[in-house]
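First comes the structure, then the notes that go with it.
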Amino acid sequence: MLPKRKRLADYYPLTPEDAVILQRMSSRSFNIYFINQLLLKLSNKYPNRHFANKIAVLNYMAKALANELLITDQANSGNFRFNDVGRFKEQYLANIESGTDRSMKAQLKRKIAGVFEADMAYQILTSCDFGAAVKNKYYIKLLKNITLSDHIKFKILQEVRAVHGNDIEQLQVIPFDESKQVTNSTTEYQKTTVLQQQISDENYLSELSKELGSNSILFKVRKYILQPSTLQI
């Protein structure tokens with residue numbers, strides 16, 4: 001009989017150990033508080049989505065964290081609530097527009113912050129790495145799994161030309177490489193689980209050794225059960 005699939009909320013709260021795994025899997029350093037807030041938000045948004053086990057949940061959460069538009073400093077600040085998102089976005093864009101950095105990349109970011117509607121500007125600025133102009137092309141690398149419409153790309157190109165000159169004729173968008181987002185995620189989870197079990201076994205054997213003595217037959221048998229290569233009687 002297959003195990004009963006559970007809702008995302010049934011896995012709340014995730015543990016600090018889960019948070020460490022998710023930070024590695026997503027390559028984002030969100031703290032445990034934010035991760036659990038996001039889990040609850042997604043659970044409320046998708047109440048009919050169910051998961052077979054913890055590994056499936058961690059894979060799902062890792063993808064959500066990797067594509068989260070909030071930057072980690074914002075998400076990890078104090079007792080974050082998702083109703084604060086609008087305020088965070090406004091402050092982020094205001095900081096971009098009021099910046100004094102005169103580099104071409106900074107100038108381009110300021111133009112994007114000023115030209116696009118706030119939500120779209122925030123998404124572009126937090127999801128794209130603005131590279132360099134090579135001959136008649138300007139390169140942008142996507143840092144998250146988002147789609148830029150032709151209209152959006154055309155508007156970005158217009159701002160690129162305003163900064164780099166009219167010789168730029170094409171915007172070259174380097175797609176997000178999802179294969180690098182959650183590399184060997186199941187293996188990562190399994191490795192961590194095995195390590196936790198090894199630590200638990202070692203602690204158990206240490207206490208048992210104190211109780212029975214490390215030379216007792218019963219201790220050696222228990223040790224062999226946990227570590228089969230160690231039996232010497």
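Throughout, read-outs are computed from the coordinates displayed, never taken from laboratory work. This one's a predicted model, so the numbers in the text were calculated from it and none came from an experiment. Positions of Cβ are generated from backbone atoms using ideal geometry, with glycine treated the same way; all protein chains shown enter the neighbour counts.
For the stretch 10-112, applying the loop criterion from DSSP together with a ceiling of 16 other beta carbons within 10 Å to the trypsin sites (Lys or Arg not before Pro) yields R49, R81, R102. Among M61, M25, a tally of other beta-carbon atoms within 10 Å of each Cβ gives an order, fewest to most, of M25, M61. Exceedance of the 24 Å cut-off in Cα-Cα distance is limited, within the set K41/K155; K6/K144; K41/K144; K109/K141; K6/K45, to K41/K155; K6/K144. A cut-off of 5 Å between modelled amide H atoms, ignoring neighbours fewer than 5 places along the same chain, links C128 with L143. Phi angles of the stretch 89-105 translate, via the Karplus equation with coefficients 6.51, -1.76, 1.60 and θ = phi - 60°, into HN-Hα couplings of 4, 4, 5, 4, 5, 4, 5, 5, 5, 8, x, 10, 5, 9, 5, 4, 5 Hz per residue; Gly and Pro are given as x.
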